[in-house]
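Everything on this sheet refers to the single structure shown next.
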Amino acid sequence: MIQHTDLIFAPALLPLIGAAAAFCAKSLRGKTSRYLEIAAGCTGLVLPFFALFLLYKSTLYGAVYKGVIGNWYNDVGISYRFDGISWLINFLGFIIALPAWIYAQSEKDTKTFTPLFLIQTAAVGAMAMCADIFNLFVCLEIMGIASYILVASSAKPGAFLASFSYLMISASAMVFFLFGVYGFYRLTGSLSYDSIALGLSLLPDNGGHAAVISLALITGAVVIRVAVMPLYGWLPDAHALAPHAVSAVLSGVLIKTPLFALSRVVDILPSGRAAGELMGYAGAVTAFLAAVISLSQSDVKRLLAYSSISHIGYIVCAWGAAVHAGTHTPEGRILMSAAFGHAVFHAAFKGLLFLSVGITADRTGNRDITALRGAVKFLYRNGEKIPVTFPAFCIGFFSICALPPFNGFLSKSSISLLLAGNWQNVFLIAAGVVTIAAFIRLARIYFPDKNVPSPTYTPLASSTSGSVYISQIFLSLICLCSGLFGPFLLHTFSRILSGGLREWPFSARSFYTIPGIIKIIFYSAAGFGLYTLSNTHSVNRVLYLIKERPRSFDGLFTAFGLGLAATAAWMLFR
């Protein structure tokens, strides 16, 4: 009989088994190869849900499975820990990876995509249960290597350069991560989180400045993977030029899960709370500035990419507040639940937007917001007799604009209620208004405009596989269900993180209040007003200057260095 201690490894092992089968499929031909590849995808992306289902009840009531792989000694073995945050990270990873993989099956050749995609997913599963700081580095690197190749696999102009930029920035950051690992190992002679924390507690001043700087190096390296401003420069090109399925996973999973894995690392030192405070401030500023930059974009996928950075700001702001309050305190757990709730809901609606807007751009052969018009009619004339893409976009649009009863309304409102009275909340509200303006601008591509002549489109693809529609319907249902049952889901996330305690303070009535609805109407009107204002010549000129601002490797590396120095100084002297 399979024990829970065996099931916890399934989210990492099953995708690896599927990847091996997918590699074998490359050596075969015809339908046999195709059937084996589909079986590999189902093995790696469907079967893990059964493992998570069987682990759900025990995890909900606070079960923690930990140990050392192979029964080695703690000092030399690979430590693992499967708990509530591990279950949630895996849930986030697979709930987005499955529809993204289904969408990718519309491509002519997926024999290389599938194994790499499964390896990337396995790395997420391994990272979720990692309790060893060096192997956290290994998991992050595997995720990164798979991502570099998948971004370049689109073969679009500039995709290889975007992939190389992503590689260079990420690899440089991970060098500093290794310096942080070395610092902790030199102080304690250990690599597991628990052993490092115990070793530091036995040292004067918990290891002093050396320990604080080591933690700052690790935090800074993960933050650049998360793309918090000003360390975001690699992300827009990577997301905009990657295949649409890869963009959905990059935005929905890969830039978020390292943040939640980091929450275990910052608990090693008391100064980790100061790092959380700084991250919370950076998240609020990121949410607003990235939303403004998204409003200035003319490329549909770049707009979505900058919007992803903005919503990462929401998540980082709540995450930072949770770490600052203490992840083991009720307040910290509630804030962490809100951060994770928005991570899941954003992954669903942003993945849906990447897929729906991506197929629209492919079918019309146009990605320019200022030129693309009448896409609804064009999609119908070119084979989409039963409308799927436009309704899917509408669901994503209402969700990202935080309109009730869609899921974005619930997750954004929970963060806003928890941060009420803090200056960060002002930035988050302003970011929400700008987001509405940006997505009204994006929505114009589906409607005719008498002021813009309808161009004659030359589609890049004359037919579309049913897998494209299945994936959009799948994510649309997730968005709708998580909107209708959002309060229950947020409460469940909180119970999982708290080991079964009923700490979540909000019910459905907390969100659907008359003052709350009035605020939503006001913010929506403000967003529409900002959209109208953005079409004026003077504001349009400012947005053009924002879009064409200079960007370079030098600037990003400088920002990374200054960010590391600021983080270390904040932790040392706060």
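Its DSSP H runs of at least 4 residues, each contributing -39,500 (n - 2.57), put the calculated 222 nm mean residue ellipticity of the chain at -24000 deg cm²/dmol, to the nearest 500. Approximating the spin labels as points 7 Å out from Cα along Cα→Cβ, the Ala171-to-Asp194 distance works out to 3.7 nm. Of all aspartates and glutamates in the structure, those lying under 14 Å Cα to Cα from Lys31, and not within fewer than 8 positions of it along the same chain, are Asp109. State the Kirkwood hydrodynamic radius of the stretch 278-374 in Å, one decimal place, computed from all pairs of distinct Cα atoms. 14.5 Å is the Kirkwood radius here. One decimal place: the segment Arg509-Leu47 gains 162.7 nm when fully extended, by the rule 0.36 nm per residue minus the C-alpha distance. Computed from Cα atoms, the angle from the helix 133-152 axis to the main principal axis of the chain rounds to 20 degrees. Scaled to the compact-protein estimate 2.2 N^0.38 Å, what is the alpha-carbon radius of gyration of the stretch 271-535, rounded to two decimal places? My calculation over the Cα atoms of the stretch 271-535 gives 1.04. For the residue pairs Lys301/Lys519; Lys26/Lys301; Lys256/Lys350, alpha carbon separations beyond 24 Å are given by Lys301/Lys519; Lys26/Lys301.
For the chain, the relative contact order is 16 percent, taking Cα pairs closer than 8 Å that sit 6 or more residues apart in sequence and dividing their mean separation by the residue count.
If I take R0 = 56 Å and measure r between the Cβ atoms of Tyr380 and Tyr73 in this structure, what FRET efficiency does the formula 1/(1 + (r/R0)^6) give, to the nearest 0.05? In this case the efficiency is close to 0.30.
Straight-line cross-link partners of Lys66 among the aspartates and glutamates, defined as a Cα under 12 Å from its Cα and at least 8 positions apart when in the same chain: Asp6, Asp83, Asp132, Asp194. Rounded to the nearest 10 degrees, the angle from helix 407-418 to the longest Cα principal axis of the chain is 50 degrees. Shape analysis of the stretch 360-452 yields a ratio of the Cα radius of gyration to the Kirkwood radius, Rg/Rh, of 1.10. Put simply, the Cα atoms of the stretch 46-172 extend 49, 33, 21 Å along their principal axes, the longest span coming first.
Scanning the chain for chymotrypsin sites (Phe, Trp or Tyr not before Pro) that sit in a DSSP loop and have at most 13 other Cβ atoms within 10 Å, the longest stretch containing none of them is 74-574. Straight-line cross-link reach from Lys547 at under 20 Å between alpha-carbon atoms covers these aspartates and glutamates, not counting any fewer than eight positions away in the same chain: Asp237, Asp299, Asp368. Given the C-alpha centroids of the stretch 468-508 and the stretch 1-43, what is the distance between them in whole angstrom? After rounding, the separation between the Cα centres reads 28 Å. A protection proxy built from the mean count of other Cβ atoms within 10 Å ranks the segments 322-333, 289-300, 199-210, most packed first, as 289-300, 322-333, 199-210. With R₀ fixed at 51 Å, the C-beta to C-beta distance from Asp205 to Ser538 puts the FRET efficiency at about 0.35. Taking the longest Cα principal axis of the chain as reference, the axis of helix 272-295 is set at about 10 degrees.
A short reminder: the numbers here are calculations on the coordinates, not readings from a lab. Everything numeric here is computed off the predicted structure, so don't read it as measured data. Backbone-built Cβ (ideal geometry, glycine too); neighbour counts: all protein chains shown.
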